[in-house]
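Okay, structure first, notes after.
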Amino acid sequence: MIEIGAQVDLSHPPERVWLALTDRELLGRWFAEAETVEGVPDRMLLHTADLPGFEADVEVEVTERQEPELLVLACDEAGRLSELTCTVTATKQGCRLELREVSTHGAWSAEQHEPREQQLRQGLTVRLPAILDWLAFQQVDLRRADGGMTTELPLIRVRGGAGRNPRRRRTLVAVVAGAVLVAGTAAWVTLPPDPKPTAAPVPTTTASPTTAAGTTTVGAPPATQSARPTRTTASATTRPSRTPSAKPSRTPSSAAPPPPPAPVVVARYETDSSRLFGYTGEIVVDNPGSAPVADWAVVVTLAEGTTVDDVDGASGRQDGRAITFTGAAVAAGKSLTISFDVRDSRPKAREPESCTIGGQRCAGL
């Protein structure tokens, strides 16, 4: 018994994936052109003769159906019989689709097995997600103003955006500004006026006290005037000793800050594949040093309205729009690759806004 299998995680609900598996026109878009067999509702003919790994067209008939979780098909390729099982499992991000084909009569040659499995994987990972994104785009209502809205994708509102009443917000701002202005005016009014600076007293010529002979001398300085300069001079010579003179030496004036340490590991970003409503990003962490590095972290800031669905090669922790990738130690002279699928709320996917490792910017972004 020869078995061929493939699986993929999709950012779509199981019902949409089921439609792509069972609708004849959609099936022809991502796998092979199909036509119904007259008189038999559960039988179709897949035109696979020109696909890699197939030698003839395949006639399929539904033997078991559990919408939208399970679909089993009996396949006949020019007398070679097989059974194809399609399993759809719901996940937090959407669903997981697994296809498994087992030969029941006859066998594929070694030259057929690998191209056949590769063709199946390519259809699941490349063409099917594009078809599902196209289906999702068809459900967006672009005519809201006309009334009668249809199904639409969820929209992410920016906190504090257009959902608030602008008139109410302007009124609130005016009230707050008025309150601040009144409070400031009241404080200004109640503050005591600044005292005007007064000039130092100017020595005046006054009559001196009587002398021993009973006469007064006009214009002679008072008896106490000669003592005051002596006190000022004495205090001026002692006060500088009370102020510590070592303060300027505590703060170095010419010492430059040490340069930032060079990054131990570096990273580069690349958009591996783009599609409607999303893309796959890839980050390569390089260790050019001579010792392994275990303590590293890559921080990626996503565009607004985007989410990460699946991460491979590292562990991801998301906080708002920032997601931090950490993983195993990177050996000396080696590299580590991280891939992650991003779901975008807009048809034209947007790359991350930034990517850093150890505070240093990633190359390629």
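For (1) part of a strand (DSSP E or B); (2) within 40 Å of the chain's Cα centre (by Cα); (3) touching a residue at least 60 places away in the same chain (Cβ under 8 Å); (4) closer than 28 Å to residue 136 by Cβ, each residue gets a yes or a no:
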position	(1), (2), (3), (4)
5	yes, yes, yes, yes
8	yes, yes, yes, yes
16	no, yes, yes, yes
28	no, yes, no, yes
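Within the stretch 291-304, can one find any residue that is open to solvent by less than 60 Å² (accessible area, probe 1.4 Å) and in contact with a Gly (Cβ under 6 Å, 6 or more places away or on another chain)?
First, pick out the residues of the stretch 291-304 that are open to solvent by less than 60 Å² (accessible area, probe 1.4 Å): 291, 293, 296-303.
Now restrict to residues that are in contact with a Gly (Cβ under 6 Å, 6 or more places away or on another chain): none.
No, the stretch 291-304 contains no residue that is open to solvent by less than 60 Å² (accessible area, probe 1.4 Å) and in contact with a Gly (Cβ under 6 Å, 6 or more places away or on another chain).
For the stretch 105-137, a residue qualifies if it is under 20 Å from residue 78 (Cα atoms) and surrounded by 14 or more Cβ atoms within 10 Å (Cβ to Cβ), and the qualifying residues are 108, 112, 113, 115, 116, 117, 119, 120.
Show me the strands (runs of 3 or more DSSP E) found entirely inside the stretch 299-346 where at least 3 residues are out of contact with any Phe, Trp or Tyr (no Cβ under 6 Å at 6 or more places or on another chain) and over 20 Å from residue 286 (Cβ atoms).
It comes to 306-312, 315-319.
Determine which member of the set 324, 307 is surrounded by 14 or more Cβ atoms within 10 Å (Cβ to Cβ), under 30 Å from residue 138 (Cβ atoms) and within 14 Å of the chain's Cα centre (by Cα).
Details: 324 fails: under 30 Å from residue 138 (Cβ atoms).
Of 324, 307, the one residue that is surrounded by 14 or more Cβ atoms within 10 Å (Cβ to Cβ), under 30 Å from residue 138 (Cβ atoms) and within 14 Å of the chain's Cα centre (by Cα) is 307.
Just one of the listed residues (105, 113) is under 25 Å from residue 37 (Cβ atoms) and over 36 Å from the mean Cα position of the chain (by Cα), and it is 105.
Hey, can you tell me all the residues within the stretch 262-285 that are modelled with pLDDT under 80 and either open to solvent by 50 Å² or more (accessible area, probe 1.4 Å) or part of a strand (DSSP E or B) (or both)? Break it down into steps so the answer makes sense when it comes.
In the first step, residues of the stretch 262-285 are kept if they are modelled with pLDDT under 80; the result is 262-263, 272-277.
Residues satisfying the conditions are 262, 263, 272, 273, 274, 275, 276.
So that you can scan it fast, the table gives a plain yes or no per residue for (1) charged (D, E, K, R); (2) closer than 30 Å to residue 278 by Cβ; (3) in contact with a Phe, Trp or Tyr (Cβ under 7 Å, 6 or more places away or on another chain):
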site: 35; (1), (2), (3): yes, no, no
site: 45; (1), (2), (3): no, no, no
site: 56; (1), (2), (3): no, no, no
site: 59; (1), (2), (3): yes, no, no
site: 90; (1), (2), (3): no, yes, no
site: 105; (1), (2), (3): no, no, no
site: 112; (1), (2), (3): no, no, no
site: 119; (1), (2), (3): no, yes, no
site: 133; (1), (2), (3): yes, yes, yes
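The residues of the stretch 329-349 that are buried (at least 16 other Cβ atoms within 10 Å of the Cβ) and among the charged types (D, E, K, R), listed by number, are 341, 343, 344. The residues of the stretch 33-81 that are aliphatic (A, V, I, L, M), surrounded by fewer than 17 Cβ atoms within 10 Å (Cβ to Cβ) and out of contact with any strand residue (DSSP E or B) (no Cβ under 8 Å at 6 or more places or on another chain), listed by number, are 49, 78.
The values are calculated or read from the model by the stated rules, or taken from the named source; none is laboratory data. Keep in mind that what you see is a predicted model, and the values were worked out from it rather than measured. Every residue, glycine as well, gets a Cβ built from its backbone with ideal geometry; the counts of neighbours run over all protein chains shown. Calculation scope for accessible area: heavy atoms of the full protein, side chains included, ligands and nucleic acids excluded. Shrake-Rupley method; radii C 1.70, N 1.55, O 1.52, S 1.80 Å.
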